[in-house]
Every structure is written in structure tokens, then in C-alpha cells.
Amino acid sequence: MSIEEMAERTAIVADGGGQPLLEVEDLRVRFESRGRRVNAVNGLSYRLYEGRMLAIIGESGSGKSVSSRALMGLLPGSARISGSARFQGRQLLGLPDREMRRHRGADIAMVFQDPARSLNPTMRIGAQITEAVRAHGDVDKRAAYERAMELLQLVRLPAPERRFHEYPHQLSGGMRQRVMIAIALAADPKLLIADEATTALDVTTQAQIMELLLELQERLGMAIILISHDLGLAATYAHDVIVMYAGRAVEYAPASTLFAAVRMPYTEALLGAIPRLERPPHSPLPVTPGQPPDLTALPAGCPFEPRCPRAQDDCRTEAPPFTEHEPGHWWACYHPCEGSSS
Ligand SMILES: Nc1ncnc2c1ncn2[C@@H]1O[C@H](COP(=O)(O)OP(=O)(O)OP(=O)(O)O)[C@@H](O)[C@H]1O
Ligand code: SF4
Ligand SMILES: [Mg+2]
């Protein structure tokens with residue numbers, strides 16, 4: 001796939017085009033340790049425009065987190081990264097640590113799944129937010145307090161004056177996630193990456209946090225990458241959707257196009273999966289029998305072939321290319337579904 005072709009088409013997707021905020025091209029990440037090589041991301045390309053929400057969906061181990069952490073310079077030293085990731089035209093991959101830290105927070109911020117672990121349990125909420133505010137700007141104590149209160153109000157934390165003086169364990173899971181979002185917004189990022197940010201929450205709280213993200217996106221004009229197992233979440237909230245399998249994009253389209261006519265058998269299987277209610281985070285999706293391929297030994301053919309109900313002999317020979325088959329709609333499959341969503 002050429003990024004130029006994708007650009008042309010994605011411009012249609014993205015309300016008239018303009019410069020992309022983030023442009024990822026042929027991103028590859030492998031981990032090497034003790035003679036073992038894990039091919040975690042295997043040629044991922046996409047473009048994200050200002051004010052859009054892109055959902056990256058896939059089973060556990062499909063490379064969603066690794067591909068996003070690569071953009072933030074947050075992978076361990078055993079990671080070998082290649083390809084390109086330009087943010088407002090500037091290459092992020094290979095930036096020295098000091099420069100990367102400047103991007104982190106100020107341009108791109110990340111919210112993780114588990115606020116209980118991401119927040120410091122021994123520090124009051126207020127201190128954690130003011131610390132984030134002061135890390136990104138030369139502000140005095142008073143101004144940092146005011147900005148922190150403004151952020152807590154922005155994320156609609158109930159009774160912010162009181163919560164400011166409380167510890168994380170005194171807050172509910174939903175409130176902690178709001179605090180994490182407030183911290184992520186401290187430096188006015190242009191892109192927020194929410195990695196399973198609502199997975200640990202009950203369904204009602206999850207919906208409230210998603211509504212909040214959507215509202216913040218509109219008010220602040222941010223772009224959001226929403227990483228999730230949950231195709232339903234993508235259908236409800238995202239503008240564009242990438243479905244990943246074994247470190248590759250296998251289907252990509254604006255959400256309305258994708259859900260009107262799912263083409264990849266894998267996406268169809270995800271759509272048919274049992275709702276995620278009550279399932280512990282990071283448990284494998286009951287997608288379809290079988291396991292994703294071993295990332296240390298990827299097959300020559302389509303990686304979904306052993307699990308695919310539509311597989312034929314030709315699927316085993318060579319991996320299908322990821323191609324734009326219909327305007328704005330990309331997929332990697334030799335025998336796509338007929339086009340009605342299940
Ligand atoms: N530091 C590491 N060393 C070796 N392999 C790793 C490392 N980090 C991740 N991996 C492997 O890379 C692959 C992709 O992992 P990643 O965390 O991106 O999956 P994911 O799609 O985010 O899954 P989940 O939905 O469970 O969060 C997995 O097979 C994982 O085991
Ligand atoms: S290429 Fe073949 S095995 Fe792969 S998803 Fe399509 S039909 Fe299934
Ligand atoms: Mg992950």
C-alpha cells in the first residue's frame with residue numbers, strides 16, 4: 001500500500017483533507033531477546049486528522065498497545081522499530097529521549113487502562129494534577145491550583161474542591177479515570193491516546209467516560225486514538241476504524257462505511273463476539289475458535305487462515321495485500337464477506 005494513495009482517499013474520509021496530524025507509515029516493531037524474535041507490529045499505516053476519533057480494534061496481542069507506545073517512545077530497549085510516524089510533519093521515531101519527553105504530554109498524551117496503577121496511591125489527587133500542570137509550564141502554585149481545578153471541572157469530576165484533597169483510593173473507578181484524563185489534558189495535547197481507558201469500568205461508567213472523551217474532543221479540537229477490544233465501542237463513538245490482526249491492519253474505513261458493509265471475515269467474527277460484559281480486562285475475545293498466530297513464526301499466507309470460515313487454498317500461499325477495494329474502504333482478504341454487517 002502506498003501512503004500517497006491512502007492520503008488521497010483518507011482526505012475524503014477526513015472532511016475535506018488538510019494536513020494530517022499524525023501519519024504512520026509501514027510501522028514495524030519486533031522484540032528480540034535471548035534469540036527469540038517477536039514480530040509485534042508488521043507494517044501498519046494510517047493517517048489521523050485533527051478532531052477525529054480513530055478506533056484501533058483487535059484481540060489481545062494484536063499489536064494495538066505496542067504500535068501506540070512506539071509513537072510515544074515508551075517501548076523497552078529490546079524493541080526494534082522501523083517505518084515512519086510523523087506528527088505535524090515531524091518524525092517521532094528515533095527522537096532523542098529529551099525531545100521525545102517534550103512531545104509526550106504536550107503534543108501526545110496517553111490514558112491507560114488501569115488508573116489504580118497509573119495514579120500514585122500515596123499522593124493526593126490535587127498534588128498529582130498540579131505536578132502535571134507544572135511539569136509542562138512555568139506556572140506558580142496559585143496558577144497551577146487554578147488550572148488543576150479547571151481541569152477537574154472540565155472532566156466533570158463531582159465535588160472537585162473536596163476531591164482535590166483526597167487520595168486515589170477514596171475515589172470510584174470512574175472518578176479515577178476522570179482524574180487520569182485531567183492529568184493527560186494538563187498540557188493541552190493535540191492527540192490523546194486512550195488505551196483501553198474504559199475497559200475496567202462497568203458499562204454505565206464506560207458510556208459516561210466515552211461521552212466525556214467525545215465532548216472534550218469537540219470542545220478542545222483534539223484527535224483521539226481509541227484502543228479497544230470492543231468493536232461496539234468503535235461503532236458508537238469513532239469516526240474511523242482500524243481492525244488489527246497479528247500486528248497488521250486488516251480492515252480500515254470510516255465507521256459508517258465499515259459497519260454498513262463489513263468485508264473482513266475477522267471483523268465479522270469480532271462483530272458476532274459475545275458482548276464484553278463482565279469479562280475481565282485483557283481476557284481473550286471469544287471471537288472464533290483457535291488462537292492468533294505465533295508472532296515468532298508468522299505463516300506465509302493469511303495469518304487468519306487457520307480460524308477463517310471462508311478460507312480457501314490460495315489463502316495459504318501468500319498473505320493478502322492490504323488494499324483499498326472500495327472508496328475509503330481498505331481490507332486484506334482474498335474472499336471477503338458479501339458486504340452486509342452481521
Ligand atoms: N516488551 C516486550 N517484549 C516481548 N514481547 C512483547 C513486549 N511487549 C509486547 N510484546 C508482545 O507484542 C505483541 C503485541 O502486544 P500488544 O501489547 O501491542 O497487544 P495488544 O493488542 O495491546 O493486546 P491487549 O489487548 O492484550 O492489550 C504481544 O504478543 C506481546 O506479547
Ligand atoms: S484471505 Fe482467506 S483466510 Fe484470510 S481472511 Fe480472507 S478468506 Fe479468510
Ligand atoms: Mg494493549
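The values are calculated or read from the model by the stated rules, or taken from the named source; none is laboratory data. If you're wondering where the values come from, they're calculated on a predicted model, not measured in any experiment. Backbone-built Cβ (ideal geometry, glycine too); neighbour counts: all protein chains shown.
What about GLY328, is it within 16 Å of ligand 3 (Cβ to nearest atom) and at pLDDT 90 or above?
No: the conditions fail for GLY328.
Being among the small types (Gly, Ala, Ser) and in contact with a strand residue (DSSP E or B) (Cβ under 8 Å, 6 or more places away or on another chain) is the filter here, so list the residues in the range 248-268 that pass it.
ALA249, ALA253, ALA255, ALA261, listed by residue number.
Looking at PRO289, is it modelled with pLDDT of 90 or more and more than 22 Å from SER45 (Cα to Cα)?
no
Pairs under 8 Å by beta carbon, first residue at negative phi in the range 242-271, partner among the aromatic types (Phe, Trp, Tyr) and within 16 Å of ligand 3 (Cβ to nearest atom), six or more apart or different chains?
TYR266/TYR245
If I go through the range 190-209 residue by residue, how many of them are of a type outside the set (Val, Ile, Thr) and touching a Leu at 6+ places or on another chain (Cβ under 7 Å)?
Count: 3.
Scanning the range 157-185 for residues that are basic (Lys, Arg) and closer than 19 Å to ALA109 by Cα, which turns out nearest to the chain's Cα centre (by Cα)?
That would be ARG178.
In the set MET72, MET100, which member is farther than 30 Å from ALA269 by Cα and touching a Gly at 6+ places or on another chain (Cβ under 6 Å)?
MET100
Got a number for residues in the range 182-198 being out of contact with any Ser or Thr (no Cβ under 7 Å at 6 or more places or on another chain) and either under 24 Å from ARG47 (Cβ atoms) or surrounded by fewer than 22 Cβ atoms within 10 Å (Cβ to Cβ) (or both)?
10
Between a residue in the range 310-321 that is in contact (Cβ under 8 Å) with a residue 12 or more places away in the chain and under 14 Å from ARG248 (Cβ atoms) and any residue that is aliphatic (A, V, I, L, M) and surrounded by 13 or more Cβ atoms within 10 Å (Cβ to Cβ), which pairs come within a Cβ distance under 6 Å, given they are 6 or more apart or on different chains?
Hits for this filter: PRO320/ALA332.
For the range 1-22, check the following and say yes or no: at least one residue is within 15 Å of ligand 1 (Cβ to nearest atom) and either at pLDDT 95 or above or in contact with a strand residue (DSSP E or B) (Cβ under 8 Å, 6 or more places away or on another chain) (or both).
Scanning the range 1-22 turns up no residue that is within 15 Å of ligand 1 (Cβ to nearest atom) and either at pLDDT 95 or above or in contact with a strand residue (DSSP E or B) (Cβ under 8 Å, 6 or more places away or on another chain) (or both).
What number of residues in the range 74-111 are closer than 17 Å to ALA187 by Cβ and within 15 Å of the chain's Cα centre (by Cα)?
5
Name every residue in the range 205-222 that is surrounded by fewer than 19 Cβ atoms within 10 Å (Cβ to Cβ) and outside any helix (DSSP H, G or I), in order of residue number.
Selection gives GLY221 alone.
Just wondering, is there one or more residues in the range 38-55 that are within 16 Å of ligand 3 (Cβ to nearest atom), buried (at least 17 other Cβ atoms within 10 Å of the Cβ), closer than 15 Å to LEU226 by Cβ and at pLDDT 95 or above?
The answer is yes; a qualifying residue exists.
Out of everything in the range 94-122 that is touching a Pro at 6+ places or on another chain (Cβ under 8 Å) and either modelled with pLDDT of 90 or more or closer than 22 Å to GLU161 by Cα (or both), what residue ends up being surrounded by the fewest Cβ atoms within 10 Å (Cβ to Cβ)?
PRO121
Within the range 240-262, is there a residue that is aromatic (Phe, Trp, Tyr), closer than 18 Å to LEU48 by Cα, away from ligand 3 (no atom under 16 Å from the Cβ) and modelled with pLDDT of 95 or more?
Taking every residue of the range 240-262 in turn, at least one turns out to be aromatic (Phe, Trp, Tyr), closer than 18 Å to LEU48 by Cα, away from ligand 3 (no atom under 16 Å from the Cβ) and modelled with pLDDT of 95 or more.
Any idea how many residues of the range 231-243 are surrounded by fewer than 24 Cβ atoms within 10 Å (Cβ to Cβ) and under 25 Å from PRO320 (Cβ atoms)?
1
Yes/no per residue for (1) of a type in the set (A, V, I, L, M); (2) touching a residue at least 40 places away in the same chain (Cβ under 8 Å):
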site	(1), (2)
ARG30	no, yes
MET53	yes, yes
ALA70	yes, yes
SER78	no, yes
SER82	no, yes
ARG101	no, no
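Within the range 312-332, take every residue that is of a type outside the set (Val, Ile, Thr) and out of contact with any Phe, Trp or Tyr (no Cβ under 8 Å at 6 or more places or on another chain) and give me the one that is nearest to SER60 (Cα to Cα).
The extreme case among them is ALA319.
Could you run through the range 123-155 and say how many residues are part of a helix (DSSP H, G or I), over 12 Å from VAL179 (Cβ atoms) and among the hydrophobic types (A, V, I, L, M, F, W, C)?
The qualifying residues number 5.
What residue, among those in the range 62-79 that are closer than 13 Å to PHE31 by Cα and of a type outside the set (S, T, N, Q), is farthest from ligand 2 (Cβ to nearest atom)?
Looking at the filtered set, the residue picked out is GLY77.
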